[in-house]
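Scroll down for the structure; my scribbles are underneath it.
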Amino acid sequence: MKVPDTMRAAVLYGPEDLRLVDDYPVPRPGPDEVLIRVEACAICGTDPKILAHGWPNQPPYGQFIFGHEYAGEIVAVGEQVDEFMIGDRVVVEPHKGCGVCDNCRDGYYTTCLNYGDNRKGHRHYGFTVNGGYAEYACNHISSVYKIPENMSYEEATLLTTAATALYGIRRAGGVNAGETWAVFGPGPIGLTAVALLRRLGAGRIILTGTRDERLSLGKKLGADVLLNVRAENVVERVLELTDGVGADAVLECSGSTKAVEDAVECCKKNGRIGLVGIYEQPSQVNVNKVVQWNISMCGSKAEGERSVAQVINLVKANPIDFSLLITHTFPLKDIHKAFEVARTRAGGAIKVVIQCQL
Ligand SMILES: [Zn+2]
Ligand SMILES: [Zn+2]
């Protein structure tokens, strides 16, 4: 297949100024990069924020292609690449560390100390360099993974989401057999967390949220107990369900600071709390309780430490039906409509996926 010189892309020209362009140059892979024909790119919760305000260290307006949850087929490889071949079906992860800073050398590339510094080799696809709302995208091979044969490109866009959930679980100490986990927030990360916890051996999974449709989807993915925070007191109910002891671990995915406070109140002594949400306000956590109860509370940045690879290997053995979360798909030409649906959550939108070849 011949790669064309120009492509269709959704280019950010300024705050709230997203334009479809038909003559954007197709990028050419560097020595250790691959060129991907993007088949699907999902809208993430951060994308409407990028659309509204831009992103620190982003490419200049008028050139910036965002979108970071994408999958497609490799159509060209750089001269040093022997890890991938033309025709491979792949998904990307957005973070590629510089590889030389202390954090990258320790494996923590999602918190690279050279964030945003292209010259040092750092890349954050769809944030500080171009991403996937286009017909083609170039990625360094350390950000690319082969996907299972039977997985659609649309479903593959959920792998980074699931990897973000998995990283939160890992940062919160992983799962011990039979434990009780509370997951706060049935968004895409919370819902994939439920599916992962089920497969990792959690005994009981309690899912909390405000929307009944999303909670019942959580049930399909493996939650045992659903708590609607509008109707029930989550702290009281979790304590009741655990004989007053509290959950072994809490994964906070809702982004509500009240939920972080609740996590401390319904976590057991020696329990763990993983924080995955995006918090816009400071919280009033009972810090002394964290200390006196020996609680481990851990932030978790994105899909770190090759969590995408772990999720792929896990779902090969024990599939997760990611299609349950994909409520809407739109062709690239309708990207404005897609953002509208994602923003307003019209029609119960959970994950909205752009099909970039249509
Ligand atoms: Zn994202
Ligand atoms: Zn680094």
Per GNM of the chain with C-alpha springs under 10 angstrom, the most fluctuating residue out of Gln310, Gln284, Gln63 is Gln284
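In what order do Cys253, Cys267, Cys104 fall by count of nearby beta-carbon atoms within 10 Å, going from fewest to most?
Ranking Cys253, Cys267, Cys104 by Cβ neighbours within 10 Å, fewest first, gives Cys104, Cys267, Cys253.
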For Glu179, what charge total do you get from the other residues with a beta carbon under 15 Å from its beta carbon, if Lys and Arg give +1 and Asp and Glu give -1?
-> +4
Run down the lysines and flag those whose C-alpha is under 26 Å from the C-alpha of Lys337, throwing out any fewer than 8 positions away in its chain.
-> Lys49, Lys351
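Can you check what the net charge comes to around Ala76, using other residues whose Cβ is under 12 Å from the Cβ of Ala76 (Lys, Arg +1; Asp, Glu -1)? Please list the in-between numbers first.
On the way: positive: Lys2, Arg28, Arg37; negative: Glu33, Glu73, Glu79, Asp88.
Local net charge: -1.
Explain nothing, just the number: dipole magnitude of the chain about its Cα centre with +1 on each Lys and Arg Cβ and -1 on each Asp and Glu Cβ, in debye rounded to the nearest 20.
440
For a quick check of your reading of the filter: which trypsin sites (Lys or Arg not before Pro) in the range 145-233 sit in a DSSP loop and have no more than 10 other Cβ atoms within 10 Å?
Those satisfying the criteria are Arg230.
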What are the ³J(HN,Hα) values, in whole Hz, obtained from phi via the Karplus relation 6.51 cos²θ - 1.76 cosθ + 1.60 with θ = phi - 60°, for each residue of the range 92-104 in sequence order, with x given for Gly and Pro?
-> 10, 10, x, 8, 10, x, 5, x, 10, 6, 4, 5, 4
Using a Gaussian network model of the chain with C-alpha springs under 10 Å, which one of Pro29, Pro56, Pro319 is most mobile by mean-square fluctuation?
-> Pro56
Computed ³J(HN,Hα) along the range 54-65: with the Karplus parameters 6.51/-1.76/1.60, θ = phi - 60°, integer Hz and x for glycine or proline, the list is x, 9, x, 6, 5, x, x, 4, x, 10, 7, 9
Hz values of 3J(HN,Hα) by residue in the range 351-358 - Karplus curve (6.51, -1.76, 1.60), Gly and Pro given as x | 10, 10, 10, 8, 9, 7, 9, 10
What is the packing order of peptides 8-16, 40-48, taking the mean over residues of other C-beta atoms within 10 Å and listing the highest first?
-> 40-48, 8-16
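I'd like the antiparallel share, as a percent to the nearest 5, of DSSP beta bridges with both residues in the chain. Don't skip to the answer; put the middle values down first.
Details: 33 of 61 bridges.
Beta bridges within the chain, antiparallel portion: roughly 55 percent.
Can you bin the chain into rounded, prolate or oblate? Criterion: square roots of the alpha carbon gyration tensor eigenvalues sorted a ≥ b ≥ c, rounded for a/c under 1.5, prolate for a/b above b/c, oblate for the rest.
On the way: a/c = 1.84, a/b = 1.69, b/c = 1.09.
Prolate is the answer for the chain, as a/c is 1.5 or above and a/b outweighs b/c.
Bear in mind that the values in this text are calculations on the coordinates, not laboratory data. Not measured: the values here are computed from a predicted model. Glycine also receives a Cβ, built like all others from the backbone with ideal geometry; neighbour counts cover every protein chain displayed.
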